[in-house]
């Protein structure tokens with residue numbers, strides 16, 4: 001599985017004083033979507049951690065195109081766009097009623113519990 005979409009209704013706490021989704025919440029949405037992509041592929045992120053594997057964010061980017069507001073329903077599509085020996089990149093598209101509201105990506109390194117970079121496990125590569 002290289003792509004997955006989740007639906008999310010914007011809560012009041014996610015908005016700023018102008019009623020627009022506060023910019024940092026997009027990174028939270030990206031994490032939600034990324035986690036569900038793993039789950040849909042049969043990999044629970046928690047189980048990776050229990051195995052001593054972690055995926056810290058090495059780089060993140062988000063481009064905001066159209067404001068999203070309280071009670072809007074958005075779809076967050078995630079896909080794996082690149083896998084290297086020990087790094088994985090996810091791309092995201094957020095849409096509302098079919099309109100593209102934002103795009104972004106996160107790049108992650110696979111590390112062990114000591115912080116040492118390790119190869120991507122086969123079960124993740126096989127997603």
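The values are calculated or read from the model by the stated rules, or taken from the named source; none is laboratory data. Values in this document were obtained by computation on a predicted structure and should not be read as measured data. Here the Cβ is made from the backbone with ideal geometry for all residues, glycine too, and neighbour counts use every protein chain on show.
Please go through region 108-127 and pick out each residue that is within 16 Å of residue 35 (Cβ to Cβ) and modelled with pLDDT of 95 or more. Lay out the reasoning, then the answer.
Filtering region 108-127 down to residues within 16 Å of residue 35 (Cβ to Cβ) leaves 108, 110, 123-124, 127.
Of everything in region 108-127, those that are within 16 Å of residue 35 (Cβ to Cβ) and modelled with pLDDT of 95 or more turn out to be 108, 110.
Residue-wise test of (1) within 30 Å of residue 18 (Cα to Cα); (2) surrounded by 14 or more Cβ atoms within 10 Å (Cβ to Cβ).
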site	(1), (2)
47	no, no
52	no, no
66	yes, no
79	no, yes
84	no, no
117	no, no
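Of the residues in region 76-99, how many are touching a helix residue (DSSP H, G or I) at 6+ places or on another chain (Cβ under 9 Å) and either within 23 Å of residue 24 (Cβ to Cβ) or free of Cβ contacts under 8 Å to residues at least 60 places away in the same chain (or both)?
Step one: list which residues in region 76-99 are touching a helix residue (DSSP H, G or I) at 6+ places or on another chain (Cβ under 9 Å), which gives 76-80, 83, 88, 90, 92, 94.
Next, only the ones that are either within 23 Å of residue 24 (Cβ to Cβ) or free of Cβ contacts under 8 Å to residues at least 60 places away in the same chain (or both) stay: 76-79, 83, 88, 90, 92, 94.
Here the count works out to 9.
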